[in-house]
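Colleague: Starting off with a structure, shown below.
Nothing in this text is a laboratory measurement; each read-out follows from the coordinates by a stated rule. Small disclaimer: the values here were computed from a predicted structure and weren't measured. Reconstructed Cβ throughout: ideal geometry from the backbone, glycine too, with neighbour counts over all protein chains shown.
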Amino acid sequence: MGIALKGEVADFTVGNINKALFYLSVPMVLEMVMESLFLIVDVFWVAKLGTNAVATIGITESILMLMESIAIGLAMAITAIVARRIGEKDKEGAARSGIQGIFIGILASTIIAIVGFIYAKEILTLMGGEPELVIEGFKYTRTMLGFNITLMMIFLLNAVFRGAGDAKWAMYTLWIANIINIILDPMLIFGWGPFPELGLEGAAIATNIGRGAGVVFQLFILLNGMSLIRVGKRHLKLKWETISSILNIGATGCLQFLIGTASWIFMVRLISEFGSPALSGYTIAIRIIVFTILPSWGLANAAATLVGQNLGAKKPDRAETSVWRAAFANMLFLAIIGLIFFIFAKEFIQIFDTNPEVVKNGVMALRIICLGYVFYAFGMVIAQSFNGAGDTLTPTIINFACFWMLQIPLAWFLSQKLEMGPAGVYWAISICNSILAVLMIIFFRRGKWKQVSI
């Protein structure tokens, strides 16, 4: 455990697979635990501002997920390429690849910031926000979108660390960022001590200050040679061949998550039709779900790194074994969590809001969605493993089929035509994510991902 927590650099292409998975996954899981803790603490304080405040976060996050899709797609490409270069013992190539990805991220976040800052009110209105909600919440949306570069950089710089197998720095980054978030949240929301009372906007400011501090920490580590990868002035030149390689993988990766995000936005839009209490309950339930899903993503990220490095070392069978073991461990974890959530759903929702309508909708969402937890466990690990191999096309096609061709029409049909209301949306989410996981398993077993060259 001590080695895992310290995140000491090791060669993950040799030795015991279980130990390699453990050493990599512990810092990655702890990294995600802190991120998930922040999401819970954030909605706890914001819920005290009222139903509209929580609903505003729900709408804004659905838009931020579009930006995150770009960040995740680029991060996916960076992790895959950096891991492959590390497996080939090419640290110089790994550093060069990571920095070229950062250049792309800066350009993308700048465009998003300009649009989000100018059109915050219009975005909330378009997403079904009621007039009162728009007036109360547009400053939060404007701040989150306008300063999205802090989130973009944390994603991309941590992708460099993860690809190198140097997961401790990614863990420390999110701990620093989110501890600052958690401390500043109530101070800026409610005006504690010398701080001004900024309400919902204060939550956005706290978030970006915390993430900004995390980015400064990441840059310090990379520039001062404290990581396995050291960035120098020689890496700060544009390398179009490397950028092209990142874009080729990242574009499909972005599309992969944009497909899921667009579907998610449609889910939020459908739920908003049933009023702010329904949207608020759904937002709280999703935050609780993410609290457990994020640590699972830590395990999935560890599997992706092992896949990339072992493919680089010409050990495809070792890469596949790593994935199945990570998926099984993830299944055990989420099966237990899903059972707890199903039994104590009401108690969990009431921690954040006691409004009967909000609680009713939150309980409904939590119980129905967590029914698919066992399937999600395999799906997320295998999807990330495809991405770690550089095969972003396969999970993209599966996402398109499950989210756009099945989930969107099914959610609309169940909630509107069969008049199931929000429950119809929740059932569509649970059913389609379970089918997605089954398809991921089928295609992964075919093994074509082992031949991808990057």
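Colleague: Please compute the net charge surrounding Gly137, taking Lys and Arg as +1 and Asp and Glu as -1 over other residues with Cβ under 14 Å from its Cβ.
Modeller: Values: positive: Lys121, Lys139, Arg142; negative: Glu61, Glu122, Glu130, Glu132, Glu136, Glu201.
Local charge sum for Gly137: -3.
Colleague: If you don't mind, there's one more thing I want to ask. If Lys and Arg each add +1 and Asp and Glu each add -1, what is the summed charge of the other residues whose beta carbon sits under 14 Å from the beta carbon of Trp297?
Modeller: -2
Colleague: Among Ala20, Ile271, Ala326, which residue has its Cα furthest toward the positive end of the charge dipole of the chain, with +1 on Lys/Arg Cβ and -1 on Asp/Glu Cβ?
Modeller: Ala20
Colleague: Would you be so kind as to identify which of Pro422, Tyr373, Ala411 lies farthest towards the positive end of the dipole of segment 346-454, taking Lys and Arg as +1 and Asp and Glu as -1 on Cβ and the Cα centre as origin?
Modeller: Tyr373
Colleague: Remind me, relative contact order of segment 15-451 in percent, using alpha carbon pairs under 8 angstrom and six or more residues apart?
Modeller: Taking the mean separation of contacting Cα pairs over the length of segment 15-451, I get 23 percent.
Colleague: Shifting gears a bit: Looking at Leu258, Ile435, Ala77, which one has the Cα that reaches farthest to the positive end of the dipole of the chain (charges on Cβ: Lys, Arg +1; Asp, Glu -1)?
Modeller: Towards the positive end, the residue furthest out is Ala77.
Colleague: How would you order 53-66, 222-235 from highest to lowest mean count of nearby Cβ atoms within 10 Å?
Modeller: Result, highest mean Cβ count within 10 Å first: 53-66, 222-235.
Colleague: Hey, what D do you get for segment 210-308 in µm²/s if you plug the Kirkwood alpha-carbon radius into Stokes-Einstein at 37 °C and 0.692 mPa s?
Modeller: 186 µm²/s
Colleague: With r defined as the distance between the Cβ atoms of Lys19 and Thr354 and R0 fixed at 45 Å, what FRET efficiency is calculated, to the nearest 0.05? All intermediate terms of the calculation are to be shown ahead of the outcome.
Modeller: Working: r = 46 Å, r/R0 = 1.03.
Efficiency for this residue pair is about 0.45.
Colleague: Quote the relative contact order of segment 53-164 in percent (integer), defining contacts as alpha-carbon pairs under 8 Å separated by 6+ residues.
Modeller: Computed value for segment 53-164: 45 percent relative contact order.
Colleague: Based on the mean of other beta carbon atoms within 10 Å per residue, what is the order of 142-149, 75-82, 400-407, most packed first? Intermediate results must be reported in sequence, preceding the final value.
Modeller: Numbers: 142-149: 22.5, 75-82: 30.8, 400-407: 18.4.
The peptides rank, most packed first, as 75-82, 142-149, 400-407.
Colleague: Right, next: Quick one: grab the alpha carbon gyration tensor of segment 366-454, order the square roots of its eigenvalues as a ≥ b ≥ c, and give me rounded if a/c is under 1.5, else prolate or oblate depending on whether a/b is larger than b/c.
Modeller: prolate
Colleague: While we're on this one: So what's the Cα pair-distance distribution over the chain, bin width 20 Å, in %?
Modeller: In whole percents, the pair-distance histogram is 26, 60, 14, 0.
Colleague: For the peptides 121-129, 332-340, what is the packing order when you average, over each peptide's residues, the other Cβ atoms within 10 Å and list the highest mean first?
Modeller: Answer by packing, highest mean first, reads 121-129, 332-340.
Colleague: Nearest 20 debye, what's the magnitude of the dipole of segment 25-110 about its Cα centre given +1 on Lys and Arg Cβ and -1 on Asp and Glu Cβ?
Modeller: That gives segment 25-110 a dipole magnitude of about 200 debye.
Colleague: Give, as a single signed number, the net charge of other residues whose beta carbon lies under 13 Å from the beta carbon of Arg287, with Lys and Arg counted +1 and Asp and Glu -1.
Modeller: Working: positive: none; negative: Glu35, Asp42, Glu61, Asp353.
Overall, the nearby charge balance is -4.
Colleague: If you place +1 on the Cβ of every Lys and Arg and -1 on the Cβ of every Asp and Glu, how big does the dipole about the Cα centre of the chain come out, in debye to the nearest 20?
Modeller: Dipole magnitude for the chain comes out near 1580 debye.
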